[in-house]
Amino acid sequence: MTYLLLRSIPAVGLIIATIATSGCQRPNRLRLDQPFAPRAQRQMTLTSDWGWAGSAESGGAAVLLQFPLPGAVNGFRAFHVYLATPDALGEFELGRRQAGGFFVQEVGDLKGKVVFESGSIRVRRPWLRPSRRRVDLDLTAASGFRLSGSVTVRQDDGEIRRFARDFAGDMAALRVAAAASQPSESLASEETSPRTRAAATESETDD
């Protein structure tokens, strides 16, 4: 009886490993907080299976997350999150020139770009999934903007390259900001962005 039990342990381990590496995973979810936004958009959960890691064109590593409209499973990719980090596992702080990134919303009154100003990005390798990366992020910008959560992404340099081509201007601005000697306050959201104007209006109302 004991002999049969011991012989079954490798088989159980094989089943667990197969399940863990099988591609079945929960969708990625991030929480978006925007206290300056209209009430329905102040707290949103972004959900999708679109998440990739790869090599950044300027060196280092990149993480790309894309999301449809809240409540949708797929469709138009309305939200984009691009992160640049060293090509290594570990935790990286924004504001110390260790990491950077931006958030883009392509639809609605708040469409525009926000450049992350502070926060942290932690990159790990999931157990039994060497081709994936687990990314924990908690990132903030002006006027109370905050993006937080944990996601699992798969390696795909092609998706990173396509995004870099489609958003070439934003990528160039990120490279310039990373190379600049100014402190992180210079990485503010674009002044022309509708979400920046909404935040300014909210601040004036509070005053």
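Listing for the model above:
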{"read-out": "Convex hull volume per residue in cubic angstrom - Cα atoms of the range 75-121", "value": "81"}
{"read-out": "Förster-model FRET efficiency, 35 Å R0, residue 129 and residue 42, C-beta, rounded to 0.05", "value": "0.50"}
{"read-out": "In Hz, Karplus ³J(HN,Hα) per residue of the range 115-125 (6.51, -1.76, 1.60; θ = phi - 60°; x = Gly, Pro)", "value": "9, 5, 10, 8, x, 9, 10, 10, 10, 10, 9"}
{"read-out": "Neighbourhood net charge (9 Å Cβ-Cβ; Lys/Arg +1, Asp/Glu -1) for residue 155", "value": "+1"}
{"read-out": "Summed residue charge, Cβ within 15 Å of residue 123's Cβ, Lys/Arg positive, Asp/Glu negative", "value": "+3"}
{"read-out": "Rough spin-label spacing in nm, given labels placed 7 Å along Cα→Cβ, for residue 148 and residue 166", "value": "2.9"}
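FYI, it's all coordinate maths here, none of it is from the lab. Only a predicted model underlies this, so the values are computations on that prediction, with no experimental measurement involved. Quick reminder, even Gly has a Cβ in these numbers, built from the backbone with ideal geometry, and neighbours come from all protein chains shown.
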